[in-house]
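This report refers to the structure that appears directly beneath it.
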Amino acid sequence: MKKAILSFSTILLMLVMIIGCSTLTQDDDKFTFDVTCDMRQYAGPEYQDSTYFLGSLIALKKVGLGEFMVSPGDIDPPWHIKNSIDSVLGSDYYWYPVVGNHEAETVEDMQYLREYLSKDIPHLTKRGPVNATETMYSFDFKNVHFSVINQYYDGVCDDTLDGDISEQTLAWLKEDLEENKKPVTFVLGHEPIVSLPDIENGRHRHKGDNLDKYPENSIKFQKLLREYNVRAYLCGHTHNLSVAKLNGIWQIDAGHARGIGDQGARSTFLKVNIDGNSVTVDAYRSLENWKDYELTHSFVID
C-alpha cells in the first residue's frame with residue numbers, strides 16, 4: 001500500500017488556510033459597540049450645537065465608530081436622535097433604542113419607536129411578548145447576545161408610567177436567555193437596579209426610585225441575570241456615570257450625553273470593546289468647554 005506524500009507547496013497551502021481560518025475566528029469575536037443615553041430634547045433643531053448631543057456624536061466619530069449604537073432610554077423625541085445620528089455618523093450605522101420613562105409617558109414617542117422597531121432589526125433573534133412585540137427584542141452580533149427589555153411593560157401595555165420588571169417581562173427574558181447560545185450576554189433596560197453616585201463628583205440622583213422600588217421583582221431579576229451568567233446590565237436614567245458589581249452583577253450606567261444640557265455631571269459616551277470573552281468599557285467624558293471629550297476611565301468587565 002502506497003503512502004500519500006504531500007508536496008511542500010501543498011503543506012504550505014494548508015498552513016495558510018489554517019492561519020487564515022484562525023485569524024477569521026479571532027476577528028469574528030472582536031468588535032466594539034457604542035453607548036449613549038439620556039440626551040432627550042438636546043438633539044432637537046434648536047440644539048444643533050457641539051456643546052449638546054451633537055458634540056458627543058462628533059467626538060465619537062473622531063475616536064472611531066463601533067459597529068452600532070445602543071441607547072438605554074430617555075431618548076425623546078427619538079426622531080431627533082435618529083436624525084442627528086444619521087447626519088453625523090451615517091444612515092447605515094444602526095441605532096438600537098431602549099424605552100425610557102420619558103418615552104413611555106409620551107404617545108408620539110412610543111408611536112415612533114413602535115414603528116421604527118417594527119421594521120427589520122439587524123441581527124434580530126427574538127421579538128417581545130404580546131403587547132410589547134416592538135419595544136422588547138433581542139439580537140446577536142458575532143459572539144454576543146443582547147436582550148432589550150421595556151421596564152414600562154406590564155403584560156397589557158408597553159407604556160405604563162412606573163419602571164418595574166413585570167412577571168411577563170421576566171418570563172420573556174428567561175425564555176430569551178435560555179435560547180441564547182452566545183458566550184457573552186448583555187441585558188439592556190432604562191432604570192438601574194440601584195442608583196449610584198457619579199464616579200467623579202459623587203452626584204446622586206433617583207435614590208430608591210429605580211428597580212429597588214419593587215425589591216421582590218428586582219431580586220427575581222437579579223437572580224435571573226446571575227443564573228444565565230449575564231456579563232453586564234446596561235442602563236441609564238440617573239445621568240451619572242457609574243460602573244460597579246452589585247450582588248455579582250456588573251451594572252453599567254452610561255450617564256448622559258446631552259452635553260451642557262446637564263451641568264451636574266460631565267456628558268458621556270461609552271465604547272464597549274469585545275475581544276472573544278473579554279469585555280472592556282472605555283468612558284469618554286466632556287471637557288470644560290462641553291464639546292471636546294477625553295478618555296477618562298477604562299473598566300474590565302469580568
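The values are calculated or read from the model by the stated rules, or taken from the named source; none is laboratory data. Remember, it's a predicted structure, so these values are computed and weren't measured experimentally. Positions of Cβ are backbone-derived with ideal geometry, glycine not excepted, and every protein chain shown enters the neighbour counts.
For the reader, a short list of remarks on this structure follows.
Yes/no matrix, rows are residues, columns are (1) without any contact (Cβ under 8 Å) to a residue 24 or more places away in the chain; (2) under 28 Å from VAL107 (Cα atoms); (3) of a type in the set (A, V, I, L, M):
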| residue | (1), (2), (3) |
| --- | --- |
| ASP164 | no, yes, no |
| ILE193 | no, yes, yes |
| PRO197 | no, no, no |
| GLY208 | yes, yes, no |
| GLU216 | yes, no, no |
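- Flag if ILE274 is of a type outside the set (S, T, N, Q), in contact with a Phe, Trp or Tyr (Cβ under 6 Å, 6 or more places away or on another chain) and either at pLDDT 95 or above or on the phi > 0 side of the Ramachandran plot (or both): yes
- Selection over region 59-116 of residues that are in a loop (DSSP other than H, G, I, E, B), in contact (Cβ under 8 Å) with a residue 60 or more places away in the chain and not small (Gly, Ala, Ser) gives a count of 5.
- If you go through region 120-164 and keep only what is of a type in the set (Ser, Thr, Tyr) and assigned to a strand (DSSP E or B), you end up with THR125, TYR137, SER138, SER147.
- Test for ASN217: is it within 29 Å of ASN277 (Cβ to Cβ) and of a type outside the set (Val, Ile, Thr): no
- Subset of region 238-255 [over 13 Å from the mean Cα position of the chain (by Cα), closer than 20 Å to ASP34 by Cβ and not in a strand (DSSP E or B)]: THR238, HIS239, ASN240
Yes/no per residue for (1) more than 24 Å from ASP275 (Cα to Cα); (2) of a type in the set (Asp, Glu); (3) modelled with pLDDT of 95 or more; (4) in a loop (DSSP other than H, G, I, E, B):
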residue	(1), (2), (3), (4)
LYS3	yes, no, no, yes
LEU6	yes, no, no, yes
MET14	yes, no, no, no
LEU24	no, no, no, no
GLN41	yes, no, yes, no
